[in-house]
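Notes follow the structure.
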Amino acid sequence: VGTGAHILLQFALSNTQMVRGLILVAPSAKGAGWLSWLGSKVYNSMTSWTAENIKDFLIRRWFSPATLQNSTDLVQFHQHLLENRRLENTVQFIRADSLRADLTHALPDVACKCFVIAGRDSSMYPDSIDLYSSLPNENQNALLELHNVAVLATEEHPQVLAQPIELFFKGYGIFVPQPPPSFKSNRDSHS
């Protein structure tokens, strides 16, 4: 998701024989833009940024306006997770993301199938669409655009993602649904 998708894409480009497929949620192959500026500001002037400012920035980046308004339990859960992290680690994460490499030139070299999930309310949405459009073998890749979703599509609407992800795995023969167990009665076993 987000930065993790970028890292996995970089791994897939470096290790083509090891990766058969990628599920990329809110990915960007581009180097950082405005986030780079913000990350360097946060990193260089931690005195002007409080933990609350950083938490608010990340929550608003991760969730759609609809989720922020209607799913208070989910948002509060992630706020709580951020409160339990050291501020310095969170700032380092933002800084690392702001320094990410630009992979757009290497997208034609992606050798595996990709399933790109893009939330329409995400700041990464245009980058996700550009990434999908730049992938080779377009008949092997899939794009799922979700409305009222931002970066954390897996958190905002996991039920919507279950079937498309299952179908992606089935394409590899990885996911084979098991039939429900059959129970034999004692009568059946003695016949």
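The values are calculated or read from the model by the stated rules, or taken from the named source; none is laboratory data. Given the structure is predicted, the values throughout are model-derived calculations rather than measurements. All Cβ positions, glycine included, derive from the backbone under ideal geometry; neighbour counts span all protein chains shown. Ligands, DNA and RNA are excluded from the accessible area calculation, which covers all protein heavy atoms including side chains. Shrake-Rupley method; radii C 1.70, N 1.55, O 1.52, S 1.80 Å.
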Legend entry - Which numbered condition Asn89 misses (of (1) part of a strand (DSSP E or B); (2) surrounded by fewer than 17 Cβ atoms within 10 Å (Cβ to Cβ)): (1)
Inset, instruction - Being of a type in the set (A, V, I, L, M, F, W, C) and assigned to a helix (DSSP H, G or I) is the filter; apply it to the range 1-16 and report the residue that is farthest from the chain's Cα centre (by Cα). - result: Leu13
Legend entry - Scan of the range 130-144 for residues that are surrounded by 15 or more Cβ atoms within 10 Å (Cβ to Cβ) and without any contact (Cβ under 8 Å) to a residue 40 or more places away in the chain, ordered by number: Tyr132, Leu135, Asn141, Ala142, Leu143, Leu144
Inset, instruction - Identify all residues within the range 138-154 that are modelled with pLDDT of 80 or more and within 24 Å of Gln10 (Cα to Cα); write none if there are none. - result: Gln140, Asn141, Ala142, Leu143, Leu144, Glu145, Ala150, Val151, Leu152, Ala153, Thr154
Legend entry - Condition broken by Asn148, with the remaining ones in (1) open to solvent by 50 Å² or more (accessible area, probe 1.4 Å); (2) without any contact (Cβ under 8 Å) to a residue 40 or more places away in the chain; (3) not acidic (Asp, Glu) satisfied: (2)
Inset, instruction - For the range 40-49, state whether one or more residues are open to solvent by 60 Å² or more (accessible area, probe 1.4 Å) and modelled with pLDDT of 85 or more. - result: no
Inset, instruction - Any chance you could count how many residues in the range 106-129 are open to solvent by 40 Å² or more (accessible area, probe 1.4 Å), within 18 Å of Leu8 (Cα to Cα) and among the charged types (D, E, K, R)? - result: 2
